[in-house]
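Q: Have a look at the structure that comes next, please.
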Amino acid sequence: MANRMMEILLATPNWEIVDPRPPYPPTWESLADIWDYPIWAAAVAGAAQYVVSDKKRDYPPASAGNRHFYGGVEYLSGADFVALLSE
């Protein structure tokens, strides 16, 4: 699955490199893993639509339809992201 995701992403021209540094932007209250703060900061700095992670315990709280949004960014599993790209 990771190979397929990379094939799709590499064919996309919208790549941006960001280098977020503290202080990081505010997160949702339940984010307890300090190692996920830079991931969130990179998503904000890059104006990302999605964060792809299979660590669902670190997602923002679920909203309507059991989707995980915070600050305009949706958290998806790798499988859900590949399915979205394949549509």
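Q: Step through the residues of the stretch 13-20 one at a time and calculate ³J(HN,Hα) from phi using the Karplus curve (6.51 cos²θ - 1.76 cosθ + 1.60, θ = phi - 60°), rounding each to whole Hz and writing x for Gly and Pro.
A: Along the stretch 13-20, the couplings run x, 9, 9, 9, 9, 10, 9, x Hz.
Q: Per residue, how much accessible area does the chain have with a 1.4 Å probe, in Å²?
A: 71 Å²
Q: Are there trypsin sites (Lys or Arg not before Pro) in the chain that DSSP marks as loop and that have at most 13 other Cβ atoms within 10 Å, and which are they?
A: Lys55, Arg67
Q: Does a label point 7 Å from the Cα of Val18, set along Cα-to-beta-carbon, have any residues of the stretch 58-78 with amide nitrogen under 20 Å, and which are they?
A: It comes to 58-61, 68-78, nothing else.
Q: Can you run phi through the Karplus equation (6.51, -1.76, 1.60; θ = phi - 60°) for the stretch 44-57 and list ³J(HN,Hα) in whole Hz, with x for Gly and Pro?
A: So the Karplus estimates, Gly and Pro as x, are 5, 4, x, 6, 5, 8, 9, 10, 9, 7, 9, 8, 4, 5 Hz.
Q: Could you work out [θ]222 nm for the chain from helices alone, using -39500 (n - 2.57) per DSSP H run of at least four and dividing by all its residues? Round to the nearest 500 deg cm²/dmol.
A: When only DSSP H runs of four or more count, the value is -8500 deg cm²/dmol.
Q: Run the accessible area of the chain with a 1.4 Å probe and give the carbon-and-sulfur part as a rounded percent.
A: Here carbon and sulfur together make up 57 percent of the probe-accessible area.
Q: Mind ranking Ile8, Ile17, Ile34, Ile39 by accessible surface for me, highest first, 1.4 Å probe?
A: Reading off the accessible areas and sorting them downward yields Ile17, Ile34, Ile39, Ile8.
Q: Sticking with this one: For the stretch 39-83, what does the convex hull of the Cα positions come to per residue, in cubic angstrom?
A: Dividing the Cα hull volume of the stretch 39-83 by its residues yields 73 Å³.
Q: Seen from all sides and averaged, what is the projected area of the convex hull of the Cα atoms in the chain, in nm²?
A: Projected area, direction-averaged: 6.2 nm².
Q: Amide H to amide H, which residues 5 or more places from His68 or on other chains are under 5 Å from it, using H placed in the peptide plane?
A: Under 5 Å from the amide H of His68: Ser63, Tyr75.
The values are calculated or read from the model by the stated rules, or taken from the named source; none is laboratory data. Here the structure is a predicted model, which is why all the values come from computation and not from measurement. Every residue, glycine among them, receives a Cβ derived from its backbone with ideal geometry; neighbour counts consider all protein chains shown. These area figures cover heavy atoms from the full protein model, side chains too; ligands, DNA and RNA do not enter into them. Shrake-Rupley method; radii C 1.70, N 1.55, O 1.52, S 1.80 Å.
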